Amino acid sequence: MRARRQAGGVSRPGRYRVSSTAQQVVGGFLLAGPFVVTEEVWVLAANMQSAHAALVAGIVFAIGYGALYEADEDRDVEAEAEVGGVPIRFISLMVVSFGSVALLALVFTAPNAFLVEGGVLADPTRADVALTTVKAVSVGAIFSVVGAATADSVF
């Protein structure tokens, strides 16, 4: 993590705090929940190619970056604390956005309920279920990132 320099050479860290992640978690879980338990998301994921999931993940990254640093005029990406040149707040947002959907999917046993028992996948292997779950997580993350970024920016 690097500190940025203000005019006059005084070091100041970015505004990121652990409470920022807590706010992201609340917003991310709030909007992710309904999509994890919606059969249409799992059917959509089953019909997506891996390239589609990668494109959707890219959209999640773009929405997250835009919401944090383009839509919020008070936040300066250059003033944020970083790890490897990436703002910690943005890393946290991505972990929360994808992680909240993945965690809810596992807690609700959605992959088994929809893909195996629900018959969305015909004769699924573990690899089929895992890959489709990753695709469904990418779809749910679109909504989770909006909630997480909004909660982070508002509070």
## Note on the structure
Only helices counted: for the chain, with every DSSP H run of 4 or more residues adding -39500 (n - 2.57) and the sum spread over all residues, [θ] at 222 nm is -20500 deg cm²/dmol
### Query
Arranged from highest to lowest average of other beta-carbon atoms within 10 Å per residue, in what order do the peptides 147-154, 56-63 appear?
147-154, 56-63
### Message
For region 87-155, take N as its residue count and report Rg(C-alpha) divided by 2.2 N^0.38 Å.
### Response
1.28
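Read-outs: derived from the displayed coordinates by stated rules, not from any lab. This is a predicted model, so every value here is computed, not measured. A quick note on method: Cβ atoms are made from the backbone with ideal geometry, for glycine too, and the neighbour counts reach across all protein chains shown.
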